[in-house]
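The values are calculated or read from the model by the stated rules, or taken from the named source; none is laboratory data. Quantities reported herein were computed from a predicted structural model and do not represent experimental measurements. Here the Cβ is made from the backbone with ideal geometry for all residues, glycine too, and neighbour counts use every protein chain on show. Keep in mind that these areas ignore ligands, DNA and RNA; they rest on the heavy atoms of the full protein, side chains included. Shrake-Rupley method; radii C 1.70, N 1.55, O 1.52, S 1.80 Å.
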Amino acid sequence: MRTLCRLAAAFLLAVSPGAWAQPDNAPTPVPLPIPIAAASTAMPPQDLDALRAVHAREINDLSTFKTAGVQREVIDPYLDSAPGQQLLRELRAADPAASADTVYARAVEQLASGSTLPDLQTMSAALVKIVPHGQRVSPYSPYFTTSAQLQLASGRCATLADCFGLPLKSEAPLYDVYQIMPKGPVNVFVSQVAPTQELGGLVRRRGGAQQYLLPNRSLWSAPVLIGTIKN
């Protein structure tokens, strides 16, 4: 088990779509308009597969997935501040039928995904999101980043999953990259992805990438597939 813990922390290094030869049955990646770092040592796929086989239920229901983000004693005062009130207003606008408690809980969940409290910024440029190849972007997911941050993550982390703190359920050998555009100048909340752990610490992600929280997705265009990228 100790060996498995060490191996689970290693994982595969993120690479460019053209850095490695594709398996015969893999789709040909669509080139992205950003450079991606070259490959390094990789965790043997069979070790990750073993984790998935033994812990399939926990991985699927996310019951052991935990973030080491900002805590309630920090979040509550932030939500009383001007940026925090803006976050709550946008969450209410996104779902007017939601109760006040539900809106507040969503705000807490989004803020707790970061290791830092977010900066409120005005955005008028595209954002991107990665999802396992063949899947679609949820119309409700608030977690996005920029192409520049995706490039940075690929060069400094063992995997994209590591930098973005992804659960095993959302990790894949190949991701589709989707882009969205704001319908006008839009408020975004920018923070640093918090470290995460899963399966009692068998899997740990260091986080550290910059994430853009979008509390009201109706202010953005529908996601458009722009390419694929390896983990």
inquiry  = If amide hydrogens are placed 1.01 Å from N in the peptide plane, which non-local residues have theirs closer than 5 Å to the one on G208?
reply    = V193, A194
Difference of contour (0.36 nm per residue) and Cα-Cα distance, S218 to V74 = 49.0 nm
query = When the Karplus curve 6.51 cos²θ - 1.76 cosθ + 1.60 is applied with θ = phi - 60°, which whole-Hz ³J(HN,Hα) does each residue of the range 112-129 get, with x for Gly and Pro?
reply = 5, 6, x, 8, 10, 6, x, 8, 7, 10, 9, 10, 9, 10, 6, 10, 10, 8
query = Per-residue accessible area for V54 at 1.4 Å probe radius, Å² rounded to 10?
reply = 110
inquiry  = Just to verify a number: FRET efficiency for R156 and L62, C-beta to C-beta distance, R0 = 25 Å, to 0.05?
reply    = 0.45
key: ³J(HN,Hα), Karplus 6.51/-1.76/1.60, whole Hz, each residue of the range 182-197, x for Gly, Pro   = x, 7, x, x, 10, 6, 10, 10, 9, 9, 9, 4, 7, x, 9, 9
